[in-house]
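Asker: Submitted below is the structure of interest, expressed as C-alpha cells.
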Amino acid sequence: IKMGTEKMPSIDGKAEMVSKFMDETAVVDSTAICRFLRSSIFIPEYVKCLKYTTGNDYSEETLMKIGKEIIDLERQMDIRRGLTKQKDTFPKRILEYEIDFYGKKVKVGKENFEKMKQEFYKIRGW
C-alpha cells in the first residue's frame with residue numbers, strides 16, 4: 001500500500017486490485033477447492049489442479065476471464081434485484097469513522113469511496 005503525505009493511504013490502484021481479486025475469488029469458489037487454502041494456492045496452482053483433475057489445459061488468462069464473467073453475471077442478477085450503482089456503498093461506520101491503519105488513523109471518506117467506485121465501474125465496463 002502506497003503511503004503518502006495525505007491523511008489516508010493512496011487510493012490509486014485500489015479499484016483495479018479489488019476487481020482482479022473478485023475475478024480470482026470467483027474462479028477459486030467455482031473449483032470446489034476449500035477456500036481456506038486461498039492464502040496458499042494461487043491461480044497458477046489452480047491451472048495445474050484443473051489440468052490434473054479435468055484433463056483440460058486452462059491458461060491463467062482463461063481462468064481470469066471466466067472469473068470476470070462470473071462476477072459480471074452476478075452483477076446482472078444484482079441489478080435485476082434492484083441493487084443499483086447508487087446502492088453500492090459502505091456503511092457509515094466505514095466511510096465516516098477513523099480506523100487504525102498500521103498505527104495511523106485514517107478515514108475512507110465518501111469522496112474517496114465514490115472515486116474508487118467510479119474507477120472500479122470503469123475497469124469492470126459496467
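The values are calculated or read from the model by the stated rules, or taken from the named source; none is laboratory data. As the structure is a computational prediction, the values presented were derived from the model and not from experiment. Using ideal geometry, Cβ is built from the backbone for each residue, glycine included, and neighbour counts are taken over all protein chains shown. Ligands, DNA and RNA are stripped out before the accessible areas are found, and what is left, the full protein with its side chains, is counted by its heavy atoms. Shrake-Rupley method; radii C 1.70, N 1.55, O 1.52, S 1.80 Å.
Asker: Whose amide H sits under 5 Å from the amide H of PHE101, counting only residues 5 or more places off or on another chain, with H placed in the peptide plane?
Answerer: VAL106
Asker: What are the chymotrypsin sites (Phe, Trp or Tyr not before Pro) within the range 19-51 that DSSP puts in a loop, where the Cβ has at most 16 other Cβ atoms within 10 Å?
Answerer: Passing sites in the range 19-51 are PHE42.
Asker: Same structure, new question: Using the Cα centre of the chain as the reference point, and only Cβ charges (+1 on K/R, -1 on D/E), how large is the resulting charge dipole? Debye, rounded to the nearest 20.
Answerer: The dipole magnitude comes to about 480 debye.
Asker: Convex hull over the Cα atoms of the range 65-115, averaged projected area in nm²?
Answerer: 5.1
Asker: Moving on. Find the relative contact order for the chain and round it to a whole percent, using C-alpha pairs within less than 8 Å whose residues are 6+ positions apart.
Answerer: Over the chain, the number comes to 33 percent.
Asker: Send over a whole-number figure in Å² for the accessible area per residue of the range 1-107, probe 1.4 Å.
Answerer: With the other protein chains kept in place, the range 1-107 gives 73 Å² per residue.
Asker: Please quote Rg/Rh for the chain to two decimal places, taking the Kirkwood radius as Rh and restricting both calculations to Cα atoms.
Answerer: Computed over Cα atoms, the ratio is 1.04.
Asker: In deg cm²/dmol and to the nearest 500, what is the mean residue ellipticity at 222 nm of the chain if only DSSP H runs of at least 4 residues count, each as -39500 (n - 2.57), divided by the residue total?
Answerer: Calculated mean residue ellipticity at 222 nm is -18000 deg cm²/dmol.
Asker: In addition: Once neighbouring chains are kept in place and the probe is 1.4 Å, which whole percent of the accessible area of the chain is contributed by carbon and sulfur?
Answerer: 59
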